[in-house]
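Report on the structure given below.
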Protein chains: 2
Amino acid sequence: MVISVESVAERAGVSVSTVSRALRSVPGVSSKTRKRVQEAAEELGYSASPAASRLATGRTMTVAIVVPVLAKWFFGKTIGAATQELRDAGYDVLLYELATPEQRERFFGSPRLHGRSDGVIIMALQPGKKELESLASQGQAVALLGAEGPGIGSVSVDNVGAGRDAVRHLLNLGHERVAFIGIRDEENSNLGGVPPRQRLIGYREALVEAGLAREDILEQFDENSVAGGAAAMSRLLVAARAPTAAFVASDEMAFGALMVLRRAGLEVPRDFSVLGFDNHELCEVVGLTTMDHDVAGQGQEAARFLLDAMNGGQPKALSRPARLVVRESTAPPRSLRKNSTAPPDLPATF
Amino acid sequence: MVISVESVAERAGVSVSTVSRALRSVPGVSSKTRKRVQEAAEELGYSASPAASRLATGRTMTVAIVVPVLAKWFFGKTIGAATQELRDAGYDVLLYELATPEQRERFFGSPRLHGRSDGVIIMALQPGKKELESLASQGQAVALLGAEGPGIGSVSVDNVGAGRDAVRHLLNLGHERVAFIGIRDEENSNLGGVPPRQRLIGYREALVEAGLAREDILEQFDENSVAGGAAAMSRLLVAARAPTAAFVASDEMAFGALMVLRRAGLEVPRDFSVLGFDNHELCEVVGLTTMDHDVAGQGQEAARFLLDAMNGGQPKALSRPARLVVRESTAPPRSLRKNSTAPPDLPATF
DNA sequence: AGAGTTTTTGCAAGCGCTTGCGAACTTTCC
DNA sequence: GGAAAGTTCGCAAGCGCTTGCAAAAACTCT
């Protein structure tokens, strides 16, 4: 049960140092010796104690992944992809969920990662300067997903461009009053500057391009969830002049918006167009038009960036484009259709 | 940067052993000394090297969570809940995704967890005898979620009862040809006996109760995903005498089923009733009637069971009931309605 | 064949913490 | 006030591995 280097050394008829070197492919061991050692280890079912080798080498061969919430499709997807990549590189992954500001504070306020991991992927959380310093002082390499930092590898979506494109599409369809439903700031960050804000910027840019004025009432924010989207949409429905379309900064919120519209007796897209963001697995089910941005690819890329960083590579800030995926939740506004009573030639979903 | 026990000891004017004891609340240190040490540690920003203390104590204060897939709502939810519980108990959590049989084999075939964790929560994977032995030989305490094992703490849903209840509801509504869409076996387990099978048993029991004969064509299996559900439902639509309702063993598959029905021009629930399983976050959005079973609660419970196991407690096998949540995807079959052309007084979703 | 090289191997000193055991110090009690 | 009993603390020996350095072995070459 407790097989140590020594048992292997004895069995292979060599010293422990040779065993250590042989098993880790360190040069300086003849191939016959190496083979003999490997066989001995194999036969004994030996596997080095990670604690001991960490203590001796100072490397943990472990990385941490930090997310604001676990139970969201987006994070499941990114974590999954990142984990695969990391596992292939021989790393274990530790998971940290920072759901509340307190948890976040406790996490960054103490050397939580010190000696536990060699690096960390931070997802959808914009770390502040002190937080990054704290990580650095704990000897952590860092990679960011959905955020950016000075001299830090990061991968994110071109949110401004994606927002602009999404809204352009709605405007091109003929909509003149387009609303924006975004993720409320505090949700992801108590330090501001969280990317979804950038989708708002893209939204505004598109309006400006089209010569339309923005209106406060048309910009609604709430928590990133079905309920949040529902609440935001409800607020839109009481606007003096209701919008005919909305760009929603997350599919989950868009689902909530669709739900409210349906309950309000409005048909999508006949009476209202909804355009989401993420290309959530379930978009196809409900027919939600959305902005796709290769979620899994981002997770994988973030993992690679972290591996690079741990190997002393140059940090890169990658911004990936999003693309429109048209489904059944968007159409020209009613006013523009020849036969304003008939739904468009799309199945009437919801 | 590299503060060790010694710096703290020096600063507090005591020996390293006292520091060690003071900081870990080990008895045998006077409260004044302890306080002094704590202050010194605080001022220095000291935090013990986990590798060193693991090596010395043999405990890792880490647990592993093993899941078949990460990017699924169910697992995000259970992992999230379990993680919270474990963190509160002072444990870190390592994540392992065993997506393919090969990964599974490699994981259990080598002492992967040896010295990395003190225990493991295995979710929705039925470990075989050798696998459990392997874990035991690696010194791992084990807790199961959605599976069972001899002498092992486990929490799962009463799948047979839940399946029975679900189908009873459909039968009570007046359906006479009720289909079952289940999760294909290989998906979760290359060792058979995976719980979803039990939902099939419940389905059959309900049929027997009602004096109905089961038919192979009405029992469809596919992968646990939207696409899988869609495929299974498609197969149902070509049955000689099509069913009027289906109990689907997972909400995600049910979503796929709904999608196919919609595309086939069938309206739910007017033409077809669908009853899912899990009470997925998005059920409310699409109006899916389903069986709820407190997913987060199960994750939490599994974590507690593991903590118990690591503290030498008695293993308990907990089976929790599921409850029907009625939404808009179920209704009496068309044949039973007075006005067979008008939809029921439910909003026509999908 | 023997000196000079290069390769392979072993010794032993850590890595930073925990803990059994005995020494030193306090408190208690007669 | 002193011995007995109880506390608090420090010493030093690990925990199981890695690695610099030197010794041994295996080759090279003249």
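Any chance the stretch A:165-185 includes a residue that's assigned to a helix (DSSP H, G or I), modelled with pLDDT under 95 and closer than 15 Å to A:PHE221 by Cα?
yes
Give the stretch B:39-49 a look and list any residue that's within 11 Å of DNA strand C (Cβ to nearest atom) and assigned to a helix (DSSP H, G or I), or say none.
If the condition is that a residue be within 11 Å of DNA strand C (Cβ to nearest atom) and assigned to a helix (DSSP H, G or I), then B:ALA41, B:LEU44 are the ones that fit.
Of all residues in the stretch A:6-42, which are at pLDDT below 90, under 41 Å from the mean Cα position of the chain (by Cα) and of a type in the set (A, V, I, L, M, F, W, C)?
Scanning the stretch A:6-42 gives a single hit, A:VAL26.
What is the one condition in (1) farther than 26 Å from A:VAL120 by Cα; (2) touching a Ser or Thr at 6+ places or on another chain (Cβ under 9 Å) that B:TYR91 does not satisfy?
The failed condition is (1).
Taking only the stretch A:132-170 into account, find how many residues are over 16 Å from the mean Cα position of the chain (by Cα) and touching a residue at least 40 places away in the same chain (Cβ under 8 Å).
Total meeting the criteria: 14.
Could you count how many residues in the stretch A:6-62 are more than 26 Å from B:GLU133 (Cα to Cα), within 14 Å of another protein chain (Cβ to nearest Cβ) and open to solvent by less than 30 Å² (accessible area, probe 1.4 Å)?
2
Looking only at the stretch B:279-301, count how many residues are open to solvent by 10 Å² or more (accessible area, probe 1.4 Å), more than 10 Å from chain A (Cβ to nearest Cβ) and without any contact (Cβ under 8 Å) to a residue 60 or more places away in the chain.
3
Can you name the strands (runs of 3 or more DSSP E) wholly within the stretch B:86-153 that have at least 1 residues being open to solvent by less than 20 Å² (accessible area, probe 1.4 Å) and more than 12 Å from every other protein chain (Cβ to nearest Cβ)?
Output list reads B:119-123, B:141-145.
Would you pick out the residues in the stretch B:259-273 that are closer than 22 Å to B:GLY174 by Cβ, touching a helix residue (DSSP H, G or I) at 6+ places or on another chain (Cβ under 6 Å) and within 13 Å of chain A (Cβ to nearest Cβ)?
B:VAL268
Find all pairs meeting these conditions: Cβ atoms under 8 angstrom apart; at least six residues apart or on different chains; first residue within the stretch B:92-104 and in contact (Cβ under 8 Å) with a residue 40 or more places away in the chain; second residue open to solvent by less than 10 Å² (accessible area, probe 1.4 Å).
B:ARG104/B:LEU125
Of the residues that make up the stretch A:309-331, is at least one within 17 Å of A:PHE74 (Cα to Cα), surrounded by fewer than 24 Cβ atoms within 10 Å (Cβ to Cβ) and at the interface with another protein chain (Cβ under 10 Å from one of its Cβ atoms)?
Looking through the stretch A:309-331, none of the residues is within 17 Å of A:PHE74 (Cα to Cα), surrounded by fewer than 24 Cβ atoms within 10 Å (Cβ to Cβ) and at the interface with another protein chain (Cβ under 10 Å from one of its Cβ atoms).
Do any residues in the stretch B:53-71 that are over 25 Å from A:LEU282 (Cα atoms) have Cβ atoms under 8 Å from those of residues that are in a strand (DSSP E or B) and within 16 Å of DNA strand C (Cβ to nearest atom), where the two are at least six apart or on different chains, and which pairs are they?
Between residues of the stretch B:53-71 that are over 25 Å from A:LEU282 (Cα atoms) and residues that are in a strand (DSSP E or B) and within 16 Å of DNA strand C (Cβ to nearest atom), the close pairs are B:MET61/B:ASP92; B:THR62/B:ASP92; B:VAL63/B:ASP92.
Could you tell me whether any residue of the stretch B:24-38 is part of a loop (DSSP other than H, G, I, E, B), closer than 30 Å to B:ALA82 by Cβ and more than 9 Å from DNA strand C (Cβ to nearest atom)?
Yes, the stretch B:24-38 has at least one match.
Which of (1) more than 25 Å from B:GLN138 (Cα to Cα); (2) outside any loop (DSSP other than H, G, I, E, B); (3) in contact with a Lys or Arg (Cβ under 9 Å, 6 or more places away or on another chain); (4) within 16 Å of DNA strand C (Cβ to nearest atom) is the odd one out, the single condition A:VAL14 does not satisfy?
Condition (2) is where A:VAL14 drops out.
Take A:GLY276 and decide whether it is within 13 Å of chain B (Cβ to nearest Cβ), touching a strand residue (DSSP E or B) at 6+ places or on another chain (Cβ under 9 Å), buried (at least 20 other Cβ atoms within 10 Å of the Cβ) and of a type outside the set (D, E, K, R).
Numbers: within 13 Å of chain B (Cβ to nearest Cβ): yes; touching a strand residue (DSSP E or B) at 6+ places or on another chain (Cβ under 9 Å): yes; buried (at least 20 other Cβ atoms within 10 Å of the Cβ): yes; of a type outside the set (D, E, K, R): yes.
Taking the combined requirement at face value, the residue satisfies it.
Could we say that B:GLU43 is away from DNA strand D (no atom under 16 Å from the Cβ), farther than 30 Å from B:GLN140 by Cα and outside the structural domain of B:HIS114 (by TED's automatic domain parsing) here?
When the stated conditions are applied, B:GLU43 passes them.
Just name the residue that is nearest to the other protein chains (Cβ to nearest Cβ) out of those in the stretch B:63-84 that are open to solvent by 40 Å² or more (accessible area, probe 1.4 Å) and out of contact with any Phe, Trp or Tyr (no Cβ under 8 Å at 6 or more places or on another chain).
Top of the filtered list is B:LYS77.
Could you list all residues from the stretch B:1-40 that are within 9 Å of DNA strand D (Cβ to nearest atom) and among the small types (Gly, Ala, Ser)?
Going residue by residue through the stretch B:1-40, those that are within 9 Å of DNA strand D (Cβ to nearest atom) are B:9, B:12-22, B:27-34, B:36-37.
Within the stretch B:1-40, B:ALA9, B:ALA12, B:GLY13, B:SER15, B:SER17, B:SER20, B:ALA22, B:GLY28, B:SER30, B:SER31 qualify.
Among the listed residues A:ARG323, A:ARG270, identify the single one that is among the basic types (Lys, Arg) and in contact with an Asp or Glu (Cβ under 6 Å, 6 or more places away or on another chain).
Among A:ARG323, A:ARG270, only A:ARG323 is among the basic types (Lys, Arg) and in contact with an Asp or Glu (Cβ under 6 Å, 6 or more places away or on another chain).
Can you pull out the residues in the stretch B:50-85 that are in a helix (DSSP H, G or I) and under 16 Å from B:ASN311 (Cα atoms)? Step through it out loud before you land on a result.
Taking the stretch B:50-85 and keeping what is in a helix (DSSP H, G or I), we get B:50-57, B:73-85.
The answer is B:THR57, B:GLU85.
In the stretch A:213-222, how many residues are buried (at least 17 other Cβ atoms within 10 Å of the Cβ) and not in a helix (DSSP H, G or I)?
So the answer is 3.
Could you list all residues from the stretch B:228-237 that are open to solvent by 10 Å² or more (accessible area, probe 1.4 Å) and either modelled with pLDDT under 95 or more than 14 Å from chain A (Cβ to nearest Cβ) (or both)?
B:SER234, B:ARG235, B:LEU237
Being crowded, with 24+ Cβ neighbours inside 10 Å and touching a Ser or Thr at 6+ places or on another chain (Cβ under 9 Å) is the filter here, so list the residues in the stretch B:258-270 that pass it.
B:LEU258, B:VAL268, B:PRO269 - these are the residues of the stretch B:258-270 that are crowded, with 24+ Cβ neighbours inside 10 Å and touching a Ser or Thr at 6+ places or on another chain (Cβ under 9 Å).
The values are calculated or read from the model by the stated rules, or taken from the named source; none is laboratory data. This one's a predicted model, so the numbers in the text were calculated from it and none came from an experiment. Here Cβ is always computed from backbone atoms with ideal geometry, including for glycine, and neighbour counts include all displayed protein chains. For the accessible areas, the whole protein counts, side chains as well, though only heavy atoms, and no ligand, DNA or RNA atoms are used. Shrake-Rupley method; radii C 1.70, N 1.55, O 1.52, S 1.80 Å.
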